[in-house]
Amino acid sequence: MLKRYFEIERRGTSVRVEVVAGVTTFLTMAYIIFVNPNILSDTGMDKNALIAVTCIVTAAATIVTGLFGKAPIAMAPGMGLNSFFAYSLVAQEEISWQTGLGVVFLSGLFFLILTLVGLRKKLVEAIPAGLIAAIAVGIGLFIALVGLNNLGLVLRDDKTLFVLGDITKTTVWIGLLGLAVMAALGLLGVMGSLLIGILVATVVAVVLGYVDRPTAWLSLNWPVREVALQLDIRGALKISLWGSIFTLMFIDMFDSIGTLVACGEKAGLRDERGQIRGLDRLLGIDAVATMFGALLGTSTTTSYVESAAGIEQGGRTGLMSVVTGALFLLALFLVPVIAVVPGYATAPALIVVGYFMMKEVRRIHFRKLDELIPSLIIVVMIAVSFQISMGLALGFVSFAVLKILMRRAREIRPAMRLIAGLSLLFLAVQWWPAVAAMFKSSAPAA
């Protein structure tokens, strides 16, 4: 029955191969159990609750993908998306994490609607590939900077923007040891290099007395209620947050489509027309998973490119995803152990993930000026402003303006005009209070 449901023989695989592939995928992405709670807890959310929620949401989304999407794809709270939630949305917009979860829920809802009505394809095709690559590079640089900051190696400074941290601190060197382990094992092709690096840094921190030993090894006490069903959808409907909803939706969309196409290609999921089988269904699961995650209390859920590690091991069916999801459920019992992992131990994983995302720079069209300038604006402004939404909005608007100035406005697709218009509206909402205050201060006294 298992073989028939997952079409194992038709896909040229076996149950044993699928199980091995599922374990491999789990090992390569298990770092999210440590990293996601450390990032989101900076908003004031309960860390122990976040560990449990991360495991539950990842397990549920991945198992559903395997059972109903029948694809070897794992889903979890996305890197970059969680940083956007914590540092751009909640911190920069000065809103509560409850309102931030409302924004995540609405972005998932709109993503689902776009997928159901068929607009998703038009919107994605309207944005040049070079700009999509720039988004990945900008977010990668942003994540790397967050990792360097959490490590204590690079700090924000009012005068010079960034400044070197105190490299004499032992915690910085513990984090660098973890980074060295990740890099060395990654070069050797060892599966789970990020997870091993995090564990090595944590063990060293415990041995040196910088981290308390876990109070227990196993636990059935999962304080999910501390963050579950706390989202504030009404507060998220403010006009000033529409740009953030728009940004989360598009980042998730680009992330998911890129991952699903790349992994689907490797897994042999293309049909006779050259399309990825069940792509819209998988995107629909992604959107619902984001809404489910927001209800439970975590940032946007997306498809994970680490699924490719399992596919390389021979994974070809949804059984691989079911195995991966089941292992995340088992990780729930280790919440007390995971809770002691410090931020400087997970920071190297952010740096490595950021590096891999920045490799997309090769897809930016450096010879096309009307794409190069907006791409550079996107990359630089995301990193400098620590606001992904601001970088995207400025990049999309500058792309449209350059096309108009070069008298090539006809090359802007209708969907891209809509995106540029929404971006302009977002910038107007963001800057209007400052502009109004400037005019008010410059007006002559009565």
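The values are calculated or read from the model by the stated rules, or taken from the named source; none is laboratory data. Only a predicted model underlies this, so the values are computations on that prediction, with no experimental measurement involved. So basically every Cβ, Gly included, is an ideal-geometry build from the backbone, and we count neighbours across all protein chains shown.
The table for this structure:
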read-out	value
Segments classed as helices (runs of 4 or more DSSP H), wholly inside region 123-226, with at least 3 members that are free of Cβ contacts under 8 Å to residues at least 12 places away in the same chain, more than 23 Å from ASN82 (Cα to Cα) and among the hydrophobic types (A, V, I, L, M, F, W, C)	170-187
Sole residue being aliphatic (A, V, I, L, M), closer than 15 Å to VAL64 by Cβ and part of a helix (DSSP H, G or I), chosen from ALA287, ALA309	ALA287
Of the criteria (1) surrounded by fewer than 14 Cβ atoms within 10 Å (Cβ to Cβ); (2) at pLDDT below 85; (3) within 23 Å of the chain's Cα centre (by Cα), which one MET191 fails	(1)
In region 31-82, the residues that are surrounded by 24 or more Cβ atoms within 10 Å (Cβ to Cβ), in contact with a Lys or Arg (Cβ under 7 Å, 6 or more places away or on another chain) and over 19 Å from ILE285 (Cβ atoms)	PRO37
Conditions (1) in contact with an Asp or Glu (Cβ under 8 Å, 6 or more places away or on another chain); (2) hydrophobic (A, V, I, L, M, F, W, C); (3) modelled with pLDDT of 80 or more: number failed by ALA136	(3)
Matching option when the condition is under 15 Å from the mean Cα position of the chain (by Cα), in a helix (DSSP H, G or I) and small (Gly, Ala, Ser), among ALA76, ALA86, ALA59	ALA86
Residue in region 209-222 that is more than 25 Å from ASP286 (Cα to Cα) and modelled with pLDDT of 85 or more present	yes
Region 99-117, residues that are more than 15 Å from ASP232 (Cβ to Cβ) and of a type in the set (Ser, Thr, Tyr)	THR115
Residue selected from region 147-161 under the condition at pLDDT 80 or above and of a type in the set (A, V, I, L, M, F, W, C), by the criterion surrounded by the most Cβ atoms within 10 Å (Cβ to Cβ)	LEU151
Of all residues in region 305-320 being among the hydrophobic types (A, V, I, L, M, F, W, C) and within 19 Å of ARG10 (Cβ to Cβ), the one that is modelled with the lowest pLDDT	ILE311
Filter result for the condition that a residue is of a type in the set (S, T, N, Q) and not in a helix (DSSP H, G or I), over GLN98, GLN92	GLN92
Only listed residue being touching a residue at least 12 places away in the same chain (Cβ under 8 Å), among the small types (Gly, Ala, Ser) and in a helix (DSSP H, G or I), chosen from GLY66, GLY12	GLY66
Test result for ILE251, within 23 Å of ALA60 (Cβ to Cβ) and either assigned to a helix (DSSP H, G or I) or at pLDDT 90 or above (or both)	yes
Filter result (among the hydrophobic types (A, V, I, L, M, F, W, C), part of a helix (DSSP H, G or I) and either free of Cβ contacts under 8 Å to residues at least 24 places away in the same chain or closer than 30 Å to MET182 by Cα (or both)) within region 15-38	VAL17, VAL19, VAL20, ALA21, VAL23, PHE26, LEU27, MET29, ILE32, ILE33, PHE34, VAL35
So VAL323, is it aliphatic (A, V, I, L, M), within 24 Å of GLU9 (Cβ to Cβ) and at pLDDT 90 or above	yes
Enumeration of residues in region 98-119 that are aromatic (Phe, Trp, Tyr) and buried (at least 24 other Cβ atoms within 10 Å of the Cβ)	PHE111
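Yes or no, residue by residue, for (1) in contact with a strand residue (DSSP E or B) (Cβ under 6 Å, 6 or more places away or on another chain); (2) of a type in the set (Ser, Thr, Tyr):
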{"residue": "ALA74", "(1), (2)": "no, no"}
{"residue": "GLY78", "(1), (2)": "yes, no"}
{"residue": "SER88", "(1), (2)": "no, yes"}
{"residue": "GLN92", "(1), (2)": "no, no"}
{"residue": "SER96", "(1), (2)": "no, yes"}
{"residue": "GLY100", "(1), (2)": "no, no"}
{"residue": "PHE105", "(1), (2)": "no, no"}
{"residue": "LEU116", "(1), (2)": "no, no"}
